[in-house]
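Shown next, in structure tokens, is the structure this report addresses.
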């Protein structure tokens, strides 16, 4: 996770949990540097082979001690920092330190009751031998720089403090044990559908609260002869309360304790199961009534909204829809003038096709969609109160289609929860007034991706770097008045662009570092006031469609078309692989109104293949020099 995102989450976390309090270590000056922490679990002996490896779970805080290089104290003496869990990641608050040399001499991860669940052993201890770098760990801080420290930790479950190098009877180090647990929906035919229930375990003065994630969850508890009180809750499901003994829990050290949760069936309106067909809920009364039926699955489109601005019963609350687990087609949240939150959709896990969130003037965030696991398409259009686009980070890897239009506060994909959107096929970025840098995540596959970036007046660049797409079937850049740099759109080792359309982009001087695929469809450059370099075309070998170059007043030559490229034009006879498509010959090369263009020599060795007697035409006029196509091929290609 990048540093911006880490800080962003902790700003939010601090507002919620820490209030407005400010501690001395939060102050930052130009002579300070910042330190972040990453943790990795290590294992003792053959422990890795005996237990199931899972992400670190059940921790709430880090307790650490940072000393000066000479061992003297700093303000970080057994300092407690909060931990925020995000999926499988642990986010630990960054700290600021003055420049200098330091060492970490204590590092523990604790649960909500202060019990130490994981610790980093000391150098020379029994467990320290299993670590690459036991404590103390030296490090240096440079002014105005950030660095990340990686610490290895070992679970304390079933272990004493002495092998860690700690004193016997150390506070917070209780005799503990672990077991595994899962929460599932009602089982059908032995199929288990895991759900993220909240678990609370209490015994005496010990209370543990942990969100269950995924299939397996490791729980660490202090050992006692008394019974443990278990409570599981999850939205529209019946809560479960149960007493379990230590002896019983020990039997789940290698296989999980499974709790099966059932939906609430509150009244006579309850139907449950699947609703077949499309449904539109256009006011709160209709939504409330539909919610009473308790459907799990909508096998069709679910539309929430299309509410008139003057409605006396606008939609305000989505909580009656909490039973819905899947929408088998589109979920449309459209034209809701009073809706501020998507809370109530917290238990929705699958949208088979597209989520469309459009024209919701007061909607503030997407945090109600935190349980989504699958989402093929996402359309965000004209939601002017949305300032925070996080909420899709956990499902971004499943998104193939992305449409972002007229989102006033959209400033880019980076740091907005889309870092894992690595399988994008269809992308439209349209009319976003404050979008400046549009950095695409590095796409991992050669997909037939289509990208349209249009009417974004502040857009300057695509973020630079070597990320972006491996292959673009269609790239259209149109009317982006400030766009200057195309670096970051294509991976240098990718396969290029098939159809390239660049229109009305007055500040763009070069198409590099873009490059075309070996086989290319349409090339269209028009009304680009500063464009002077098209050498990005040099990678193409065969061109199958029109070439249009109009009104690019700084373009002086067609360098990029050299190398004996082949123009191959054809229509299908017999079985048409594109039935219903209307072919419209003649195919044309149009080069006109480029007032500085004098050098056409790159076209001299071009080859033209016309299959099936397809007509072919050229239009060359209004340039600084206007040779015929035959003259160009004879070498009469510049004054």
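The values are calculated or read from the model by the stated rules, or taken from the named source; none is laboratory data. Since this is a predicted model, take the numbers as computed values, not measurements. All Cβ positions, even for glycine, are placed from backbone atoms using ideal geometry, and neighbour counts span all protein chains on display.
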Residue hits (the stretch 603-631; crowded, with 16+ Cβ neighbours inside 10 Å, at pLDDT 95 or above and not in a loop (DSSP other than H, G, I, E, B)) are 620
Residue pairs qualifying under the 7 Å Cβ cut-off, at least six apart or on distinct chains, with the first in the stretch 618-636 being closer than 12 Å to residue 599 by Cβ and the second being in a strand (DSSP E or B), are 623/591; 623/592; 627/620
Quick one: how many residues across the stretch 149-174 are modelled with pLDDT under 90 and in contact with a strand residue (DSSP E or B) (Cβ under 7 Å, 6 or more places away or on another chain)?
-> 5
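Yes/no per residue for (1) surrounded by fewer than 20 Cβ atoms within 10 Å (Cβ to Cβ); (2) closer than 12 Å to residue 57 by Cβ; (3) modelled with pLDDT of 85 or more; (4) in contact with a helix residue (DSSP H, G or I) (Cβ under 7 Å, 6 or more places away or on another chain):
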position: 176; (1), (2), (3), (4): yes, no, yes, no
position: 186; (1), (2), (3), (4): yes, no, no, no
position: 193; (1), (2), (3), (4): yes, no, no, no
position: 213; (1), (2), (3), (4): yes, yes, no, no
position: 217; (1), (2), (3), (4): no, yes, yes, no
Report the residue count in the stretch 491-510 for those that are within 28 Å of the chain's Cα centre (by Cα) and in a loop (DSSP other than H, G, I, E, B).
-> 5
Among (1) in the same structural domain as residue 63 (by TED's automatic domain parsing); (2) surrounded by fewer than 16 Cβ atoms within 10 Å (Cβ to Cβ), which single condition is residue 209 missing?
-> (1)
Which pairs do you get when a residue that is over 24 Å from residue 218 (Cα atoms), found in the stretch 156-168, comes within reach of a residue that is assigned to a loop (DSSP other than H, G, I, E, B), reach meaning Cβ atoms under 6 angstrom, with the pair 6+ apart or on two chains?
-> 165/121; 165/125
Being in contact (Cβ under 8 Å) with a residue 40 or more places away in the chain and more than 15 Å from residue 527 (Cβ to Cβ) is the filter; apply it to the stretch 483-509 and report the residue that is surrounded by the most Cβ atoms within 10 Å (Cβ to Cβ).
-> 489
Residues that are at pLDDT below 95, more than 29 Å from the chain's Cα centre (by Cα) and surrounded by fewer than 19 Cβ atoms within 10 Å (Cβ to Cβ), drawn from the stretch 307-322 = 308, 309, 310, 311, 312
Need at least 1 residues that are modelled with pLDDT of 85 or more and buried (at least 19 other Cβ atoms within 10 Å of the Cβ) per element, so show me which strands (runs of 3 or more DSSP E) inside the stretch 517-600 make the cut, counting only ones lying wholly within it.
-> 523-526, 547-550, 587-592
Does residue 288 fit the bill of being surrounded by fewer than 19 Cβ atoms within 10 Å (Cβ to Cβ), touching a helix residue (DSSP H, G or I) at 6+ places or on another chain (Cβ under 7 Å), more than 21 Å from residue 418 (Cα to Cα) and at pLDDT below 95?
-> yes
From 400, 445, residue being buried (at least 17 other Cβ atoms within 10 Å of the Cβ) and touching a residue at least 12 places away in the same chain (Cβ under 8 Å) = 400
What number of residues within the stretch 120-133 are at pLDDT below 95, out of contact with any strand residue (DSSP E or B) (no Cβ under 6 Å at 6 or more places or on another chain) and buried (at least 19 other Cβ atoms within 10 Å of the Cβ)?
-> 0
